[in-house]
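Enquirer: I have a structure here, written as structure tokens, and I will follow up with some questions on it.
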Amino acid sequence: MEIDTSFVFVQTAVYSSLILIFVSAIKFNTIRRDYFYFFFFVLTLLFATIGEDLLRPKFISKNNNFIYNLYAMMELPFCVYILHQFHIKKISRTIYILLTVIFYSIIFFEIYQSGISKSFYLTNYIASFLEIAISIYTLFDLLENPNESLIYKSVPFWFSLGFLLYNAGTTFLFLLLDKLYSLDQTFASVAFFTLNSIFSILFYIFLAISILCLKPKTLSS
């Protein structure tokens, strides 16, 4: 029963990502004209989330980690780029370049060590902590120097809030996973899939709200 319940959460989380297609359709003209990079990020996320779920029955005997690894290569750069476009302008280009070089050096090291079909543990941890840091920075900066009178209508507010909650919830869960497995493997599996699915659903909801907050640039120019 517990395994069935966690499976329901997983499937709910996977298909709740479809809300991103719905809100992107609502804002399609605005996204197509002014925020195509946002749309590309959504497509990448949907490929990693739904694509892996659809491919699993066909490749049940094979490892599908390469799909998430490909997404891991792009998630942090997308997160930083989008937040930079909407709010963060104070961080110098040199810091961005340095972080990019370090990040992809770690990825290439993990590929060299284990191949692309093994989970990028180090890359994922570093990306998660950096996303937490930049999300907290964005939220504090928004509260201190809001560009809009109503912060809840701000794209970077909902975008960074989604990344913060998801990473804060799942990263520490990953860190404790081995300990939980050593105590009770069944409980650890149920707890992991259930909590990860809940945080994923919240992430999709906040990301969808950020898309709904997109405004045509032509109106503000």
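The values are calculated or read from the model by the stated rules, or taken from the named source; none is laboratory data. Please read all numbers here as calculations on a predicted model, not as lab measurements. Reconstructed Cβ throughout: ideal geometry from the backbone, glycine too, with neighbour counts over all protein chains shown. These area figures cover heavy atoms from the full protein model, side chains too; ligands, DNA and RNA do not enter into them. Shrake-Rupley method; radii C 1.70, N 1.55, O 1.52, S 1.80 Å.
Enquirer: Considering only residues that are on the phi < 0 side of the Ramachandran plot, of a type outside the set (Val, Ile, Thr) and assigned to a loop (DSSP other than H, G, I, E, B), which ones fall in the stretch 88-137? Before the answer, list the steps.
Expert: Let us first name the residues in the stretch 88-137 that are on the phi < 0 side of the Ramachandran plot, namely 88-114, 116-137.
This time we only want the ones that are of a type outside the set (Val, Ile, Thr), so: 89-90, 92-93, 96, 98-99, 103-105, 108-110, 112-114, 117-122, 124-125, 127-131, 133, 135, 137.
The answer is Lys89, Lys90, Ser92, Ser117, Lys118, Ser119, Phe120.
Enquirer: Ok, one more. List pairs: first residue in the stretch 3-15 and open to solvent by less than 40 Å² (accessible area, probe 1.4 Å), second residue among the small types (Gly, Ala, Ser) and modelled with pLDDT under 80 anywhere in the structure, Cβ distance under 9 angstrom, at least six positions apart or on different chains.
Expert: Ser6/Ser189; Ser6/Ala191
Enquirer: Quick check on my filter: what residues within the stretch 94-128 are modelled with pLDDT of 80 or more, surrounded by 13 or more Cβ atoms within 10 Å (Cβ to Cβ) and β-branched (Val, Ile, Thr)?
Expert: Thr100, Ile106, Ile107, Ile111, Thr123, Ile126
Enquirer: Moving on. If you check Glu131 against the conditions, is it open to solvent by less than 20 Å² (accessible area, probe 1.4 Å) and of a type outside the set (Val, Ile, Thr)? Write out each step before concluding.
Expert: Working: open to solvent by less than 20 Å² (accessible area, probe 1.4 Å): yes; of a type outside the set (Val, Ile, Thr): yes.
Considered against the rule, which asks whether it is open to solvent by less than 20 Å² (accessible area, probe 1.4 Å) and of a type outside the set (Val, Ile, Thr), Glu131 comes out as yes.
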